[in-house]
């Protein structure tokens, strides 16, 4: 059973998550504060952390930073805060995903499965990455759709590579802009949208209805993986 650390000060939320997660094969550990969450994180060594932001002794961002300082454990934010600034800020700070309360149990379980399965320090050199009908070979900088090579421009490849290395995660627009073009391009969302649309024409069977390279409205993009 994969240990899950739930850090939330609402008893009802913790109870709901336990009822949902334990039948799905997860061992649930609870914390109701930032301090207890940090203590439990060291003791439990969880496979994933479900983290609320409004904790009685501090903000969940502090715990996220402490977790990132200690390793690469997936962190899924569960919060009522729904502003674009909050979401993008936390994703840029190292959160793997963000769900706004209230959320569907099915969606939560799917996001957890993806985060646990695909969170890794990197993609081994020489191993092709398969995402739906797309195959990406990072070592040779090649991409194939249904076995046919797609010729990408250097910029298209850089965007795809960044998304592949973060498969299943939301990658914020500014993170892509900084990673591909540098810090001076932060905020140039129109240029990024143009390149993403060009990339979709090469990797999606139906670019107008993408199934692999998804838009997270107001936040960024995600390469969708099987849950």
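Values quoted throughout were computed directly from the atomic coordinates according to the rules given, and no laboratory measurement underlies them. Because the structure is a prediction, the values reported are computed rather than measured. Backbone-built Cβ (ideal geometry, glycine too); neighbour counts: all protein chains shown.
Once the Cα atoms are used to define both axes, helix 154-164 deviates from the longest principal axis of the chain by about 30 degrees. Spin-label model, residue 81 to residue 66: label points 7 Å out along the Cα-to-beta-carbon direction sit 1.7 nm apart.
When the chain is treated as a GNM with alpha-carbon contacts under 10 Å, the residue of 129, 80, 148 showing the greatest mean-square fluctuation is 148.
With a ≥ b ≥ c taken as the square roots of the eigenvalues of the C-alpha gyration tensor of the chain, please select rounded if a/c is under 1.5 and otherwise prolate if a/b is larger than b/c or oblate if it is not? Verdict is prolate for the chain.
In angstrom, the C-alpha Rg and Dmax of the stretch 129-223 are 12.4, 37. Between the helical axis of 11-21 and the longest alpha-carbon principal axis of the chain there is an angle of about 50 degrees. If I fit a long axis through the Cα atoms of helix 105-118 and take the longest principal axis of the Cα atoms of the chain, what angle between them do I get, 0 to 90°, rounded to 10? Long axis of 105-118 versus the principal axis of the chain: about 70 degrees.
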